[in-house]
1. Take D68, D128 and order them by how many other Cβ atoms sit within 10 Å, fewest up front.
2. Scattering from the C-alpha atoms of the stretch 28-182 alone, worked out with Debye: what is log10 I(q)/I(0) at q = 0.10, 0.17, 0.19, 0.20 1/Å?
3. Taking the mean number of other Cβ atoms within 10 Å as a proxy for protection, how do you rank 156-166, 170-180 from highest to lowest?
4. Taking the stretch 46-87, which chymotrypsin sites (Phe, Trp or Tyr not before Pro) meet the DSSP loop condition and have no more than 16 other C-beta atoms within 10 Å?
5. With only Lys, Arg, Asp and Glu charged, each at its Cβ (+1 for the first two, -1 for the last two), find how big the charge dipole of the chain is about the Cα centre; round to the nearest 20 debye.
6. Please rank E28, E73, fewest neighbouring Cβ atoms within 10 Å first, as an exposure proxy.
7. For the pairs K7/K55; K55/K90; K14/K79; K6/K55; K75/K101, note any where the Cα-Cα span goes beyond 32 Å.
8. Which residue, A48, I89, F172, has the largest displacement toward the positive end of the dipole of the chain when charges sit on each Cβ (Lys, Arg +1; Asp, Glu -1)?
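None of the figures in this text is laboratory data; all of them are computed from the coordinates on show. The structure displayed is predicted, hence computed values, not measured ones. Cβ sites come from the backbone with ideal geometry, for glycine too, and all protein chains shown count toward neighbours.
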Amino acid sequence: MKSSTKKEIISWIKSIAIAFIIVFICREFIFTPITVFGESMSPTFHNADRVVVSKTSKIQRFDVIVFDAPDIEGKQYIKRVIGLPGDSIKMEDDVLYINGKVFSEEYLIKNKEKTLLHNLTGNFSLEDSTGETEVPNDMLFVMGDNRLDSKDSRMFGFVPYDSVIGEVKLRFYPFQKIGLPE
């Protein structure tokens, strides 16, 4: 083999190795693609939607996050952050109260219409669901947007910050719904 051919092959191997290292670092520390399973976040996300999760975001109220399931080893859930440390939360007549203040949940309009049609209420309080009056330090209270069909903090309790994989930043599949989440 000629010296120039060897140099060319070595150059290609280095380039491919560097590309793999960059991809590994990005997926491990910056962002990762995730597939949504189930309908607990409907209508915001549906089964088989594919999203990009940022691992560097500061989590805020109403962000949609992906985290390790507290009740099933090796599984991940996607839910909306409702309560941050120190928050008290309750729902009365399908109105969300956080620290005594009313919060409008525009992303739930379709689901609230369904709830009213079936004459169901999503009433709860943090104390009834978890036994706590406030969200503890280093914990989050999360709920699915499909409140009538969501396994969330009302069932399994608080989510520790260290189990959060990241915040959903972008939907990239299905193609007709590519964009930022609501």
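1. Ascending Cβ contact count within 10 Å gives the list D128, D68.
2. -0.33, -1.00, -1.24, -1.37
3. Taking the mean over residues of other Cβ atoms within 10 Å, the ranking is 156-166, 170-180.
4. Counting only loop positions with at most 16 other Cβ atoms within 10 Å, the chymotrypsin sites (Phe, Trp or Tyr not before Pro) in the stretch 46-87 are F62.
5. Computed about the Cα centre, the dipole is about 1380 debye.
6. In order of increasing Cβ crowding within 10 Å: E73, E28.
7. As for pairs spanning more than 32 Å Cα to Cα, those are K7/K55; K14/K79; K6/K55; K75/K101.
8. Looking along the dipole axis, the top candidate is F172.
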